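The values are calculated or read from the model by the stated rules, or taken from the named source; none is laboratory data. Here the structure is a predicted model, which means the values were calculated and not measured. For neighbour counting, all protein chains shown are included, and Cβ atoms are generated from backbone atoms with ideal geometry for every residue, glycine included. Side chains included, ligands, DNA and RNA excluded: accessible areas come from the protein's heavy atoms. Shrake-Rupley method; radii C 1.70, N 1.55, O 1.52, S 1.80 Å.
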Amino acid sequence: MSKEKAPVIVYSTSWCAYCKMAVQYLASMDVPTVDKNIEDDQSAHDELMTKIGGNFRGVPVIDISGQLVLGFDRGKIDEYLRQFGYIK
């Protein structure tokens, strides 16, 4: 993986089991990740609302190079990770 890749952003909450699974899944593949808790960090909440046009349906929301994955969808996550060169 290129060291120049921007970290994958996981928008999460402290109580969300799927959020924790998403972060652990990305870590297991050595994908650089930033976990942004939208309950504790108002700027993270606002950032997410801007990205999804205010149409909030739940967490996690995973931002992989500008492509959003709603929920812990391994197939979509892997597809975007490959597409943007995070994994082979």
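Scanning the range 44-61 for residues that are in contact with a helix residue (DSSP H, G or I) (Cβ under 6 Å, 6 or more places away or on another chain) and not β-branched (Val, Ile, Thr) turns up just one, 60.
Among the criteria (1) open to solvent by 20 Å² or more (accessible area, probe 1.4 Å); (2) in contact with a strand residue (DSSP E or B) (Cβ under 6 Å, 6 or more places away or on another chain); (3) in contact (Cβ under 8 Å) with a residue 40 or more places away in the chain; (4) in a helix (DSSP H, G or I), the one residue 9 does not fulfil is (4). The number of residues in the range 12-23 that are out of contact with any helix residue (DSSP H, G or I) (no Cβ under 6 Å at 6 or more places or on another chain) and closer than 13 Å to residue 62 by Cα comes to 7.
For the range 53-67, enumerate the residues that are more than 15 Å from residue 18 (Cβ to Cβ) and at pLDDT 95 or above. Listed by number, the residues that qualify are 63, 64, 65, 66, 67. Which residues, counting only those in the range 12-33, are farther than 17 Å from residue 80 by Cα, assigned to a loop (DSSP other than H, G, I, E, B) and not β-branched (Val, Ile, Thr)? Answer for the range 12-33, where residues must be farther than 17 Å from residue 80 by Cα, assigned to a loop (DSSP other than H, G, I, E, B) and not β-branched (Val, Ile, Thr): 14, 15, 16. Of the candidates 76, 36, the single residue that is assigned to a helix (DSSP H, G or I) and surrounded by 15 or more Cβ atoms within 10 Å (Cβ to Cβ) is 76. Across the range 39-73, the number of residues qualifying as open to solvent by less than 50 Å² (accessible area, probe 1.4 Å) and assigned to a helix (DSSP H, G or I) comes to 3. Being hydroxyl-bearing (Ser, Thr, Tyr) and farther than 22 Å from residue 4 by Cβ is the filter here; which residues of the range 26-53 pass it? Selection gives 43, 50. Taking the criterion of being part of a loop (DSSP other than H, G, I, E, B) and surrounded by fewer than 16 Cβ atoms within 10 Å (Cβ to Cβ), the residues of the range 79-88 that qualify are 85, 87, 88.
Filtered by the rule that a residue be within 19 Å of residue 75 (Cβ to Cβ), surrounded by fewer than 13 Cβ atoms within 10 Å (Cβ to Cβ) and in contact with a strand residue (DSSP E or B) (Cβ under 9 Å, 6 or more places away or on another chain), the range 12-33 gives a lone residue, 27.
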